[in-house]
Amino acid sequence: MDDLQRELLEDLDDDSDSSDGNSSKGSKKSKLPLVNPMCAETPKETGFHQSTRVCLEQIREALLHHRWQEAAEYMACYPQMLEDPTNGTGQPYKELIWRISTEILHHHPNSKMEDYNNIYERMKHSGVRHYLMICLEHSFHLLLIGHIEDAKHQLSVAESWRHGKESAAQYQRIKLIHAYRSLLDYIIWCDKKFTRSNTEYPDSGDNQDMHNYFRQASVNLKEILKNPGVWDPFILSYVEMLEFYEDHEEALKVLNDYAYDSTFPPNPNAHVYLYQYLKRHDTSERKLMKVLKILHVLVPSHELMLEYSSLLLQSEKRSDIQKALGVVMEMLDFACWRSNLDVWERLKSIIQKLQLQEDWKDVVSGQMAARKDWWPALHFTSFHASKDSEENPELMKVKAPLTKILCPDLMLKYTASQVTSGE
């Protein structure tokens with residue numbers, strides 16, 4: 001490192017000379033956190049500390065400008081910082097080396113699998129604090145390049161790892177390791193299912209092998225629901241396998257627990273998964289509406305609200321038709337649905353059905369009461385008329401008649417005549 005040290009110190013001297021003229025221009029200290037503490041000069045800095053500090057600065061500069069080869073050359077020297085006895089355990093430096101090294105390898109055009117393995121194995125054994133997370137990241141990389149069995153092996157090793165008294169953080173990480181190991185079992189199960197479906201005469205041994213992976217995956221995937229959190233991919237994997245083996249009772253229990261357990265954070269996806277499962281199995285419309293009602297509270301702009309409004313519209317109850325009006329108008333409160341023909345056609349259908357009721361004007365007026373000040377600007381300006389007439393004339397045909405129903409007291413510019421006169 002001696003040559004590199006001399007080169008870095010020369011660069012440092014040059015920088016300090018060029019900055020002397022600027023030092024007197026202002027002594028006001030900036031409040032911005034511009035300097036990383038690991039790169040900051042310390043009062044009792046030795047030559048070794050100075051060279052490693054400047055080395056880190058050069059690495060950071062190379063990373064910022066995507067000079068990956070230069071960053072790799074400096075990075076080859078920086079791990080000597082771990083040999084410094086004054087750093088104590090050196091945990092911050094160990095994590096820094098791990099993060100920067102993998103970032104360089106991800107972008108370096110000539111990086112190889114052996115390079116990744118060397119970095120991951122070296123950092124795993126440099127200290128216990130990050131062992132589990134490094135194993136998890138290593139398995140992610142192996143999974144990304146298609147080495148599923150190797151990825152599973154990494155997680156299996158991590159599962160059996162123990163060090164001292166188990167902390168709360170370690171417990172949570174081990175649970176995460178268990179979950180991802182089971183997810184890999186599910187991926188292998190999917191591969192075997194695909195192979196089996198494309199084999200004319202499946203072997204009974206293959207079926208047993210496939211079932212073994214299902215049981216291995218099920219053990220930890222089932223345990224996930226005992227730990228509140230957002231576990232979407234794990235839940236979907238478990239339900240798919242249960243559904244394949246026709247264990248519908250357990251699949252429905254898992255989805256219900258995931259959606260309605262009060263200890264879990266609110267998760268719109270949980271209700272989407274439950275709805276999709278119920279719909280696949282021809283559940284009654286009343287049960288489907290019950291699920292979508294909760295989803296509507298969580299995400300009124302969700303695309304499934306179009307299906308919710310359709311179910312409400314099919315109902316014979318007068319109150320359900322009025323609810324359908326509210327659901328669709330809440331969708332149109334969001335700009336993402338502003339130009340959607342299906343939503344406007346649904347609104348038109350609902351109003352047509354409402355008009356069979358004597359008090360339909362009061363119902364529409366009630367929905368528009370809180371919207372009359374801003375809906376015209378959102379939907380019914382001359383700009384919208386011009387844009388819709390050019391890009392989506394079918395949409396304009398649906399929207400234009402609705403302006404008189406929704407805003408009967410306003411003179412709106414959303415008409416075909418306005419477009420013509422504007423031209």
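Read-outs throughout are calculated quantities, based only on the coordinates presented, and are distinct from any laboratory measurement. Bear in mind that the values here come from a model prediction, so they are computed numbers and not experimental data. Cβ coordinates were reconstructed from backbone atoms using ideal geometry, including for glycine residues, and neighbour counts include every protein chain displayed.
Some points to look at:
- Percent RCO, i.e. relative contact order, over the stretch 110-269, from Cα pairs under 8 Å lying at least 6 residues apart: 15 percent
- Subtracting the Cα-Cα distance of LEU378 and CYS190 from 0.36 nm times their residue separation leaves 63.0 nm of extension gain.
- Of LYS372/LYS397; LYS192/LYS279; LYS175/LYS293; LYS175/LYS290; LYS287/LYS353; LYS152/LYS293, those spanning more than 29 Å from alpha-carbon to alpha-carbon: LYS175/LYS293; LYS175/LYS290; LYS152/LYS293
- ALA76 versus ASN117: modelled label distance in nm, points set 7 Å from Cα along the beta carbon direction: 2.1 nm
- Between ARG99 and THR283, residue separation times 0.36 nm minus the direct Cα-Cα distance comes to 61.3 nm.
- Neighbour cut-off at most 12 other Cβ (10 Å), DSSP loop, GluC sites (Glu not before Pro), the stretch 315-378: GLU316, GLU358
- If R0 is taken as 41 Å, the Cβ-Cβ distance between LEU356 and GLU243 corresponds to a FRET efficiency of 0.50.
- Calculated FRET efficiency for the pair ASN207/ASN110, C-beta based, R₀ 41 Å, to 0.05: 0.40
- Sites GLN314 and VAL230, calculated FRET efficiency, Cβ-Cβ separation with R0 30 Å, nearest 0.05: 0.35
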